[in-house]
Amino acid sequence: MTQENNKKIFDERPWGNFTVLSDEPDHKVKRIVVLPGKRLSLQRHQKRQEHWFIVSGTGVMTLDNDNIEVSPGDAIDIPMKAVHRINNTGKSNIVFIEIQTGSYFGEDDIERLEDDFGRV
């Protein structure tokens, strides 16, 4: 992760990247970019819930047992402990804003159930 002068944190991942826009005691906000043909790990969190707002691109969001097609303007609430991922099924980057609320926002609260990049 790299920290810029304005305190935004940028991190490259095998599926794309994210930028932390706000990191406060009661919330964290990220801008997440998923490359075409890539997807996040199938995951859940024990200490936070998330709200995703799709800015651009198209994909399929897995939320527990449902697969939901998403496009710009869609918003998804992810309850604490819900199994979720997003898959970029389009030809351009999918960009979304993630708002985390709960008691803890560290990356070690990611429980990976499946992963295309060997991180389970």
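Please treat every number below as a calculation from the coordinates, not as lab data. For clarity, every value in this text was computed on a predicted model and none was experimentally measured. Every residue, glycine among them, receives a Cβ derived from its backbone with ideal geometry; neighbour counts consider all protein chains shown.
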The stretch 81-95 and the stretch 9-50 have their Cα centres apart by a whole-number Å value of 11 Å
A chain fully extended from residue 81 to residue 116 at 0.36 nm per residue, minus the present Cα-Cα distance, gains in nm 10.5 nm
Where nothing but the Cβ of Lys and Arg (+1) and of Asp and Glu (-1) is charged, how large is the charge dipole of the chain around its Cα centre, in debye to the nearest 20?
240 debye
Using θ = phi - 60° and the Karplus form 6.51 cos²θ - 1.76 cosθ + 1.60, what ³J(HN,Hα) does each residue of the stretch 110-120 get, whole Hz, x for Gly and Pro?
8, 9, 8, 9, 9, 7, 6, 10, x, 9, 6
Relative contact order as a percentage, the chain, C-alpha pairs under 8 Å and 6+ apart, gives 30 percent
Derived scalar couplings ³J(HN,Hα) [the stretch 82-87; Karplus, 6.51 cos²θ - 1.76 cosθ + 1.60; whole Hz; x for Gly, Pro]
6, 7, 8, 6, 10, 10
Highest mean first, how do 43-49, 19-25 rank when packing is the count of other Cβ atoms within 10 Å averaged over residues?
43-49, 19-25
Work out how much length residue 91 to residue 60 would gain on full extension: take 0.36 nm times their residue separation and subtract the Cα-Cα distance, in nm to one decimal.
9.8 nm
Rounded to whole Hz, the Karplus (6.51, -1.76, 1.60) HN-Hα couplings of the stretch 95-102, x for glycine and proline
10, 9, 9, 10, 10, 9, 10, x
Net charge of Cβ neighbours under 14 Å - reference residue 116; Lys, Arg +1; Asp, Glu -1
+4
Please report Rg (one decimal) and Dmax (integer) in Å for the Cα set of the stretch 2-104.
13.2, 41
Aspartates and glutamates whose Cα lies under 20 Å from that of residue 81, excluding same-chain neighbours fewer than 8 positions away
26, 50, 64, 66, 98, 107, 108, 109, 111, 114, 115
Sum of side-chain charges, residue 29 neighbourhood, beta-carbon under 10 Å (Lys, Arg +1; Asp, Glu -1)
0
Which aspartates and glutamates, on any chain, are close to residue 8 with Cα under 13 Å apart, when same-chain ones fewer than 8 places away are left out?
23, 24
